[in-house]
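Have a look at the structure below before the remarks.
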Amino acid sequence: MKRLIGLYIFGLTGIALGALFPDNYYVSVVGSTAFFHIILAIALNLFMGYAGQISLGHAAFFGIGAYSSAFFTTNYGLNPYIALIIGLCITFFLASCLARPILSLKGHYLAMATLGLGIIVHIFLVQEEGITGGPDGMSNIPVLSILGFPLDSDIKWYFFLLAITCGAILISLNIGASRMGRALKAIHGSEIAAECLGIDTATVKAQIFVLSALITSFVGSLFAHQQAFISPDSCSFFFSIELVTMVVLGGLGSTFGAVFGALILTLLPEVLVHFEELEVIIYGAILMAIMIFLPKGVFVSLCEAVNRRL
Amino acid sequence: MIGEELIQFLISGLTIGSIYALVGLGFSLIYNASDVVNFAQGEFVMIGAMSAIFLHAWGLPYFLAIVFAVIISMLVGMALEKLAIERARNATVVTTIIITIGASIFLRGAALLIWGKEIYGFPPISGEDPIKLGNITILPQSLYVISGTFLFVFLLRFFFQKTIIGKAILACSYNKKAAYLMGIEVKRMLLLAYGISALLGGIAGVLIAPITYMTYGSGVMLGLKGFCASILGGMGNSMGAVIGGLLLGAVESLGAGLISSGYKDAISFFIILIVLFFRPTGLFGKRGLERV
Amino acid sequence: MNNMGHILRVKEISKSFGGVKALLYISFDVNEGEIFSIIGPNGAGKTTLFNILTGVFRPDAGAILFKGKEINKLSTHKIASLGVQRTFQNLQVFMNMSVVENVMAGCHIRTSSNMLSACLRLPRVRKEEHSVRQWAMDALKIVGLKDYADKDASSLSYGMLKRLEIARSLSANPEILLLDEPAAGLNDTETLSMRSLIEEIASMGITVVLVEHNMELVMECSHRVMVLNYGESLTIGSPQEVQKDPQVISAYLGSE
């Protein structure tokens with residue numbers, strides 16, 4: 001099937017790398033981080049790329065997922081899956097309550113509102129030491145098991161996350177080529193025209209916001225288990241910005257653009273680790289340069305260039 | 001007793017609120033001139049403050065250091081317009097938001113390289129001893145911040161209403177094409193708008209530096225609060241931004257004093273969310289109709 | 001009066017924007033299957049009227065009945081789902097999609113799959129996708145853009161975009177189609193083929209309400225014409241009657 005060819009290439013490459021270099025740091029450790037980022041970028045792309053909205057606060061949902069898992073497994077000894085579901089419920093509740101008022105805002109006002117949401121959640125995580133451990137975070141989060149097999153090594157996580165990532169890509173592609181996907185893109189193209197075609201824009205936007213938040217919360221929970229540790233730094237305003245950067249780096253609206261952006265931004269710090277002080281400035285320069293010279297994103301621009309050649 | 005405490009909170013609120021007002025004014029100025037929300041606005045504050053601190057440490061007299069620091073901040077603002085904003089003139093809202101976020105990260109990175117991660121202090125304009133009025137204490141620098149803000153807000157109003165250049169910038173913000181056809185050099189005016197906006201940021205920076213310690217990362221929160229101020233007042237409404245800033249500072253300081261100081265920043269953003277939910281275009285913003 | 005034949009009844013609609021009266025007590029009925037045109041100088045309130053008919057704006061007073069049902073309090077998407085479709089004076093094509101996707105987006109109200117079934121791509125969704133594509137291709141064929149189906153919408157010429165917007169509305173299976181200046185900016189040949197497209201749409205049994213500046217087009221294809229001037233309805237009648245009306249002549253040519 002032509003529609004899914006990119007997914008097959010991605011999955012097979014992932015399997016091959018994992019099978020050939022199971023002990024390589026860049027595959028098992030960096031690879032797992034990349035998968036986390038890819039899923040998060042795909043989730044954000046549903047909201048930003050498809051529906052044309054903006055969120056500067058997605059780290060909040062990541063934090064809610066991660067901290068729910070951490071809190072309920074360490075303090076109450078709950079089953080990790082039950083903790084994960086509690087996290088999803090909290091996210092669902094918060095996102096669906098906020099969706100309509102937040103999404104009636106546009107442009108800069110929407111940016112402000114989502115940014116505020118992210119910062120409020122972050123401050124809560126730092127301040128409520130009794131619940132969240134404050135700035136030090138929470139550690140000793142138990143190992144996650146699948147059907148009795150504990151995920152106790154990097155390479156096991158690698159393959160588990162690879163599978164989840166492929167699922168996320170599939171869902172994103174499926175939505176893109178569906179009635180709902182077209183409704184989202186229509187809202188992106190012209191909200192007024194979408195409404196005049198009979199699309200209930202407020203509901204569709206709210207649905208994709210909640211779905212995007214749920215995926216993000218889910219990834220947060222997995223991340224907490226994989227790291228066995230979580231701190232407010234992992235869900236700061238800067239992390240929200242990083243997620244946005246991944247999406248626009250690849251190209252808004254393109255699933256594989258999000259994959260590409262997430263991969264690059266995962267590898268970049270690894271490359272720049274020797275220039276620690278330079279990391280921030282280079283990061284900023286890349287962000288600016290891409291948006292100025294390739295506003296459609298690197299991956300999408302590349303694809304267009306290739307298409308023109310063919 | 002409670003009354004005195006409230007006044008004390010209000011004074012510190014108005015002090016920090018003045019800074020938000022200056023930053024918010026910068027936001028609204030750039031927004032009017034170019035329809036861009038400049039997320040790097042807070043970095044101008046940081047650059048102003050850090051430059052002043054270092055110029056002074058290198059032996060420059062206090063006021064000269066301040067003047068140079070403000071000029072440096074202004075030049076950075078103009079460079080930002082020239083090198084980034086001008087090249088992305090037809091970009092969408094999302095794109096420009098990300099460009100300016102990139103610029104903010106870039107400037108912060110540059111500050112990190114130049115000044116390192118240390119925390120710096122800066123002496124106040126005059127007198128470290130607080131003025132006592134009964135049980136209320138006021139830092140002299142607070143008075144400088146508040147009066148300085150009012151002075152510059154007044155000067156800016158004068159500039160836009162009475163001078164030809166100020167009027168030209170305003171004309172550009174109403175209608176670029178018409179302004180261009182009237183012979184106004186729109187490009188130059190945009191550059192100037194960014195310069196003035198960064199200048200305001202720099203002034204805010206040198207005024208606030210003696211009160212709060214400065215690091216390369218101090219600009220982020222100040223910038224976001226300034227953004228809050230301008231949103232609160234209605235994007236692009238200059239006086240709204242000033243009132244929004246003062247209001248935000250006061251409420252934040254009262255909240256910090258009466259509820260919890262750790263939640264100080266959360267209170268501001270909470271207020272913003274509530275305001276946006278009920279008045280999606282800010283307190284003094286016009287409600288726009290979408291043209292079809 | 002024969003209520004059965006009126007697909008759309010507009011009763012005493014008024015709308016003002018901050019003191020400026022855009023529409024003043026406008027009343028008219030549109031018969032099922034006819035081409036009903038609205039003409040008038042710029043600023044007469046024609047587009048405002050369309051915006052009110054589609055629920056983009058709320059009227060200050062008056063009522064709108066579509067097939068006997070009051071729609072002036074319904075939301076825009078609700079009105080659209082009843083079978084009222086429109087095009088836009090300044091194009092509102094989805095430039096981020098391909099041509100066929102644009103038209104497929106128009107099929108929204110004819111289909112029902114939700115977010116969850118889309119995520120899983122259930123067999124139901126696949127079947128739906130198949131028929132949606134078919135409907136879209138049918139609509140593109142009517143407007144003559146079948147060969148451009150997989151091109152990016154942004155690569156089309158202005159005249160083609162106007163047709164694409166019409167195809168998008170047609171794919172929603174409307175009962176009434178509101179066309180806002182379909183011939184504006186078109187050259188003579190394009191205008192001619194636009195006219196035959198409008199007549200073809202009417203022959204499909206779709207009622208057409210047309211706002212247009214091109215008098216030749218209006219007079220040749222309309223059954224009835226309403227003249228608006230400064231938010232007021234001057235007259236309604238057949239093209240011949242309207243052309244002879246002294247009020248209309250003075251509104252267009254200026255009175256002594």
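Placing pseudo-labels 7 Å out from each Cα toward the beta carbon at C:Leu120 and A:Arg100 gives an inter-label distance of 2.7 nm. Reachable lysines from A:Lys2, Cα under 23 Å, same-chain residues fewer than 8 places away excluded? Cross-link targets: A:Lys185, C:Lys127, C:Lys146, C:Lys151.
On the basis of the beta-carbon distance and an R0 of 45 Å, C:Tyr158 and A:Ser145 show a calculated FRET efficiency of 0.15. When C:Trp135, B:Trp58, A:Trp157, B:Trp115 are compared by accessible area at a 1.4 angstrom probe, the order from most to least is B:Trp58, C:Trp135, B:Trp115, A:Trp157. The mean number of partner chain beta-carbon atoms within 10 angstrom of a residue's beta-carbon across peptide A:167-180 is 5.
Run the accessible area of segment C:116-191 with a 1.4 Å probe and give the carbon-and-sulfur part as a rounded percent. With neighbouring chains kept in place, the figure for segment C:116-191 is 51 percent.
Using a cutoff of 8 angstrom between alpha carbon atoms and counting only pairs six or more residues apart, the relative contact order for chain A works out to 32 percent.
Using alpha carbons only, the radius of gyration of segment C:94-171 set against its Kirkwood radius gives Rg/Rh = 1.01. Using only alpha carbons, segment A:69-205 has a radius of gyration to Kirkwood radius ratio (Rg to Rh) of 1.06. Taken across both chains, chains A and C shield about 2700 Å² of accessible surface from a 1.4 Å probe. Buried surface for the B/A pair, taken as the accessible area of each chain alone minus that of the pair with a 1.4 Å probe, is close to 3900 Å² in total.
Full extension of the chain segment joining B:Phe277 with B:Lys167 gains 36.2 nm, where the gain is 0.36 nm per residue of separation less the Cα-Cα distance. Solvent-accessible surface of the protein assembly as shown, taken per residue with a 1.4 Å probe and all protein chains present: 42 Å². Computed on chain B, with alpha-carbon pairs under 8 angstrom and 6+ residues apart, the relative contact order is 37 percent.
If you wrap the tightest convex hull around every Cα atom of the protein assembly as shown and split its volume per residue, you get 201 Å³. Taking the Cα centroid of segment B:163-217 and of segment C:10-50, what is the distance between the two, rounded to the nearest whole Å? That distance is 44 Å.
Per residue of B:87-98, other chain Cβ atoms within 10 Å of the residue Cβ number 6 on average. On full extension, the segment bounded by A:Thr203 and A:Glu129 gains 23.0 nm, given 0.36 nm per residue less the C-alpha separation. Its residue count N sets the reference 2.2 N^0.38 Å, and the alpha-carbon radius of gyration of chain B equals 0.99 times that reference.
Membrane-span-like helices in chain B: DSSP H runs reaching 24 Å or more (Cα, own axis), mean Kyte hydropathy at least 0.5? Span-like helices, by this rule, are B:2-34, B:41-57, B:62-80, B:93-115, B:140-162, B:186-208, B:238-258.
Roughly how many nanometres apart are two label points built 7 Å out from the Cα toward the Cβ at A:Ile15 and C:Arg133? Each label point is offset 7 Å from its Cα along the Cβ direction, giving 2.7 nm.
Compute the length gained on full extension between A:Glu276 and A:Leu294: take 0.36 nm times their separation in residues and subtract their Cα-Cα distance, giving the result in nm to one decimal. If you can, show how the numbers build up before the last one.
Values: separation 18, 0.36 × 18 = 6.48 nm, distance 2.66 nm.
Here the segment from A:Glu276 to A:Leu294 would lengthen by 3.8 nm.
Debye calculation, C-alpha points only, no solvent: report log10 I(q)/I(0) for segment A:2-236 at q = 0.10, 0.14, 0.15 Å⁻¹, in the same order as the q values. Ignoring solvent entirely, the Cα scatterers give -0.50, -0.93, -1.04.
The values are calculated or read from the model by the stated rules, or taken from the named source; none is laboratory data. Worth saying up front: this structure is predicted, and the values here are computed from it rather than measured. Counting neighbours? That spans all protein chains shown, and the Cβs are built from the backbone with ideal geometry, glycine included. Heads up: the accessible areas ignore ligands, DNA and RNA and are worked out on the full protein's heavy atoms, side chains in. Shrake-Rupley method; radii C 1.70, N 1.55, O 1.52, S 1.80 Å.
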